[in-house]
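Below is one structure, written out as structure tokens; the observations come after it.
The values are calculated or read from the model by the stated rules, or taken from the named source; none is laboratory data. If you're wondering where the values come from, they're calculated on a predicted model, not measured in any experiment. Cβ: placed from backbone, ideal geometry, glycine included. Neighbour counts: every protein chain shown. Keep in mind that these areas ignore ligands, DNA and RNA; they rest on the heavy atoms of the full protein, side chains included. Shrake-Rupley method; radii C 1.70, N 1.55, O 1.52, S 1.80 Å.
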Amino acid sequence: IAGLYKIPIQDIGRLGDVINYLDDNAKSKGSDIIDVLQRVGGVSKQLGYQNAAAISSTFLTLGESSEKAGTAVLAMVRELGNAVVQPDRFMEGLDAIGMNAEKVQKNMAKDAMGTIMAVMEATTKLSDDKQMNVLTQLFGDEYAMAISKVSNDLPELRRQIELTRGAASKGSMKRESDIDKDSLSSQWQITKAEFGNNFSALGESMRGPMMAIMKSVGGVLQSIRGWIEANPALVAAIMK
């Protein structure tokens, strides 16, 4: 994710806070949000990780799978970002909502999330049958239904965008970690980890002496084996 969205490693905690806060405050799982973010990584520069996380979480909240959410987001960015070279059906869809291809493409370069929301908002002003028709013309039959869910619940999308930008999301992971540390099971896990670390350190310290001992023992065993091979009758008698 850091590589896809060009997030410096020292700032990766901020991304973690955003995903964790969405997980806590929306009907989406952090693991699914991460899955969608990976799927839409190709358009990460246009959306930015906060917007990408918010719209991904919104699709998931409204019942879409991470696979469908990822492909729907990609379809919106791809089609609107290349508006001027789209086929006639796309142009007819834009005409139906009173938008111009050149302007849409230009706005996508400046504010992709704002442009996507403007297009979806414009479709909600149409009747239900026309809305689905226009969304199909713009984004294809495969994604029209999923995108219509978000376009008809834009307040939820705006709420989740605010969740990613608000001050409350900062430190989300640490707060949850601090709460979790107080549980008995977590303390037991921490204790086991400390034991493991101590034994690991002890093992490193003992490695040198133990290696010397094993080499010495190995030498003795080789001598014994040589004696056994040289005296098979005597060994057989002793064993009997």
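Computed over protein heavy atoms with a 1.4 Å probe, the accessible surface of segment 47-166 works out to 43 Å² per residue.
Placing +1 on each Lys and Arg Cβ and -1 on each Asp and Glu Cβ, with no other charges, gives segment 83-214 a dipole about its Cα centre of roughly 520 debye.
Our note on the geometry: Cα centres of segment 1-58 and segment 180-240, 47 Å apart. GNM on the chain, alpha-carbon springs under 10 angstrom: the most fluctuating residue among ILE55, ILE161, ILE224 is ILE224.
Projecting the Cα positions of ALA230, SER57, GLY70 onto the charge dipole of the chain (unit charges on Cβ atoms of Lys, Arg, Asp and Glu, taken about the Cα centre) puts ALA230 furthest along the positive direction. Rounded to the nearest 20 debye, the dipole size of segment 61-106 about its Cα centre is 140 debye, using +1 on the Cβ of Lys and Arg and -1 on the Cβ of Asp and Glu. Of the accessible area of segment 76-158, with the probe set at 1.4 angstrom, what percent is carbon plus sulfur? Result for segment 76-158: 47 percent of the exposed heavy-atom area is carbon or sulfur. Placing +1 on the Cβ of every Lys and Arg and -1 on the Cβ of every Asp and Glu, with nothing else charged, gives the chain a dipole about its Cα centre of roughly 980 debye. For the chain, the mean residue ellipticity at 222 nm estimated from helices alone is -25000 deg cm²/dmol, where every DSSP H run of n ≥ 4 contributes -39500 (n - 2.57) and the total is divided by all residues, rounded to the nearest 500. Taking all C-alpha pairs of segment 114-240, those more than 27 Å from each other amount to 66 percent. Tell me whether segment 1-115 comes out rounded, prolate or oblate; compute the Cα gyration tensor, take square roots of the eigenvalues as a ≥ b ≥ c, and use a/c under 1.5 as the rounded threshold. Taking the square roots of the gyration eigenvalues as a ≥ b ≥ c, segment 1-115 is prolate. Bridging of LYS149 to lysines at a Cα separation below 28 Å is possible for LYS27, LYS29, LYS45, LYS68, LYS103, LYS106, LYS110, LYS125, LYS130, once same-chain residues fewer than 8 apart are set aside.
A 1.4 Å probe, protein heavy atoms only, puts the accessible area of TRP188 near 140 Å².
Treating each Cα of segment 59-153 as an identical point scatterer and summing with the Debye formula, the log10 of I(q)/I(0) at q = 0.11, 0.14, 0.24, 0.26 Å⁻¹ comes to -0.26, -0.44, -1.35, -1.55. Each residue of segment 135-149 is assigned a 3J(HN,Hα), and the resulting list reads 4, 5, 4, 7, 10, x, 4, 5, 10, 4, 5, 5, 5, 5, 4 Hz, derived from the Karplus form 6.51 cos²θ - 1.76 cosθ + 1.60 (θ = phi - 60°), x at Gly and Pro. In the list (i) 1.25; (ii) 1.75; (iii) 1.11, the label attached to Cα Rg over 2.2 N^0.38 Å as derived from the coordinates here is (ii). Shown here is the pair-distance distribution of segment 1-46: with all Cα-Cα distances grouped in 10 Å bins from zero up to the longest one, the shares run 27, 55, 18 percent.
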